[in-house]
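Let me give you the structure first, and then I'll get to my questions.
The values are calculated or read from the model by the stated rules, or taken from the named source; none is laboratory data. Remember, it's a predicted structure, so these values are computed and weren't measured experimentally. Positions of Cβ are backbone-derived with ideal geometry, glycine not excepted, and every protein chain shown enters the neighbour counts. All accessible areas refer to the heavy atoms of the entire protein, side chains included, with ligands and DNA or RNA removed. Shrake-Rupley method; radii C 1.70, N 1.55, O 1.52, S 1.80 Å.
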Amino acid sequence: MEPNPTRPIDLRRSPATPRAPSALPARSDVAIVGGGLIGLSMAWRLAQGGRSVTVVERETVGAGASLAATGMLAPAAEHEPGSDPLLPLALESLSRWPGFRDDLQAASGVDIDYRQEGTLVLAIGRDEVDRLRFRHDLQIRSGLDATWLSGPQVRAREPALRPAVTAGLFCPRDHQVDPSRVMAALIRACVAAGVTIVEACPVEALDWEAGRVTGLSTGQGRIAAGTVILAAGAWSGQAGLLPEALALPVRPLKGQSLALRTTARTGTLSHMVWTEQVHMAPKSDGHLIVGATVEDCGFTPGVTAGGLYALLEGARRVLPGIEEMAVEAVWSGYRPTSDDDAPIIDTLAPGLVVATGHHRNGYLLAPATADAVAALLTEGALPDYARAFGRARFAPVSKRATA
């Protein structure tokens with residue numbers, strides 16, 4: 001399936017993104033359902049380990065959440081009440097990002113625009129300052145590196161912000177990447193490592209034999225596999241593919257975002273900037289990404305006037321210069337969200353592994369997820385840092401439905 005230039009999500013594809021049309025092979029050591037960030041990261045790492053790997057993607061690579069994301073690697077800014085169980089995994093994965101970056105750039109020849117300026121989390125007015133104080137206290141209790149800044153101190157770091165900005169937090173260890181470049185790099189690295197990527201190939205059923213998953217039946221035929229990995233993002237929880245006893249509590253949370261073109265006249269930001277309404281991420285190619293709405297509306301496609309208004313007004317509230325910036329692209333995507341907003345990394349049945357439900361932390365968690373699944377297939381067990389994220393932590397579907 002070729003990208004369609006009239007689809008908003010395809011505007012997020014890097015010019016460096018190669019096309020790799022492939023036919024479905026008869027057999028592969030590993031078959032991965034889902035050609036997003038998580039699926040390709042696992043495919044690349046497993047192929048590096050010597051396995052034959054096939055990725056089957058229902059649409060085009062990255063079309064679900066991966067190209068729609070902002071690319072934040074921000075465990076401090078993301079930390080909130082209830083997310084303590086996720087924090088060790090987030091920090092573990094952040095520590096793996098420099099090595100992942102170096103390997104990926106070397107394997108692909110693509111610079112992924114890894115930036116380390118940190119995040120500023122802003123507050124305007126007393127109520128927001130009080131909530132920011134609470135957030136800061138939580139960060140400090142959790143051992144995170146976050147510094148309280150007065151309004152003037154914030155504006156000294158980002159002079160283009162409005163004088164109305166009252167206070168802020170600086171999270172120096174939060175980083176970011178450019179999703180369009182990461183996806184282009186992963187495709188190139190996967191192809192170079194021998195991974196077969198098959199697009200426009202929806203999976204119709206898992207093939208079972210004597211209680212074990214042995215392959216996939218797809219719209220392009222059947223593929224036998226020693227291991228099937230389900231990494232279908234927001235589609236992982238859809239009925240029909242898994243038996244009810246293995247159903248996953250994963251649903252889509254739609255997000256709309258936009259890209260603004262900055263110039264010397266408009267200026268831009270030096271850091272990722274968060275407010276209670278939006279986040280803004282400057283990229284090295286001159287874009288400023290503004291995201292993202294949170295809409296629990298299923299797989300409702302497209303962008304809306306209300307969503308774009310919320311993004312623009314939220315950004316304008318702290319950064320008046322956006323009024324002079326050209327809007328270059330708007331798009332939407334679907335975050336894969338589990339019932340506790342944390343990923344599900346587990347063996348569901350013999351021959352069947354799952355890695356999904358990464359919510360808004362897919363980019364942050366990609367290295368640790370890929371390494372954990374590679375260890376699972378090689379050593380037969382997940383590493384310690386990933387063991388808390390099995391499916392068993394959720395109540396059965398029937399109990400959740402009647403609770």
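Would you point out the residue of the stretch 48-66, among those that are surrounded by fewer than 22 Cβ atoms within 10 Å (Cβ to Cβ) and in contact with a Ser or Thr (Cβ under 7 Å, 6 or more places away or on another chain), that is farthest from G351 (Cα to Cα)?
Restricting to residues being surrounded by fewer than 22 Cβ atoms within 10 Å (Cβ to Cβ) and in contact with a Ser or Thr (Cβ under 7 Å, 6 or more places away or on another chain), the top hit is G49.
Right, here's the next one. Kindly check whether there is at least one residue in the stretch 151-159 that is under 28 Å from G333 (Cβ atoms) and either assigned to a helix (DSSP H, G or I) or acidic (D, E) (or both).
yes
Sticking with this one: F299 fails exactly one of the following numbered conditions: (1) in contact with a Phe, Trp or Tyr (Cβ under 7 Å, 6 or more places away or on another chain); (2) open to solvent by less than 60 Å² (accessible area, probe 1.4 Å); (3) among the hydrophobic types (A, V, I, L, M, F, W, C). What is the number of that condition?
Unmet condition: (2).
When you scan the stretch 171-199, how many residues do you find that are open to solvent by 30 Å² or more (accessible area, probe 1.4 Å) and more than 30 Å from D10 (Cβ to Cβ)?
The qualifying residues number 2.
Cβ-Cβ under 7 Å, sequence separation 6+ or interchain: first residue in the stretch 114-133 and modelled with pLDDT under 95, partner open to solvent by 30 Å² or more (accessible area, probe 1.4 Å) and of a type in the set (S, T, N, Q). Which pairs?
So the pair list comes out as G125/T166.
Of the conditions (1) at pLDDT 95 or above; (2) outside any strand (DSSP E or B); (3) open to solvent by 20 Å² or more (accessible area, probe 1.4 Å), A23 clears all except one; give me its number.
Going through (1) at pLDDT 95 or above; (2) outside any strand (DSSP E or B); (3) open to solvent by 20 Å² or more (accessible area, probe 1.4 Å) one by one, A23 breaks only (1).
Another question, then. Looking at R45 and the list (1) within 23 Å of H279 (Cβ to Cβ); (2) open to solvent by 10 Å² or more (accessible area, probe 1.4 Å), which single condition is not satisfied?
Looking at each condition in turn, R45 falls short on (1).
Take the conditions modelled with pLDDT of 95 or more and buried (at least 22 other Cβ atoms within 10 Å of the Cβ) and apply them to L258. Does it pass?
Spelling it out, L258 is indeed modelled with pLDDT of 95 or more and buried (at least 22 other Cβ atoms within 10 Å of the Cβ).
Taking only the stretch 85-139 into account, find how many residues are in a helix (DSSP H, G or I), more than 30 Å from A189 (Cβ to Cβ) and not hydrophobic (A, V, I, L, M, F, W, C).
11
Yes/no matrix, rows are residues, columns are (1) closer than 19 Å to Q176 by Cα; (2) open to solvent by less than 70 Å² (accessible area, probe 1.4 Å); (3) over 22 Å from the mean Cα position of the chain (by Cα):
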{"residue": "A264", "(1), (2), (3)": "no, no, yes"}
{"residue": "M280", "(1), (2), (3)": "yes, yes, no"}
{"residue": "K283", "(1), (2), (3)": "yes, yes, no"}
{"residue": "A292", "(1), (2), (3)": "yes, yes, no"}
{"residue": "V303", "(1), (2), (3)": "no, yes, no"}
{"residue": "L311", "(1), (2), (3)": "no, yes, no"}
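Just for helices (runs of 4 or more DSSP H) wholly inside the stretch 285-403: which have at least 3 residues that are among the hydroxyl-bearing types (S, T, Y) and at pLDDT 95 or above?
Ranges flagged: 362-379.
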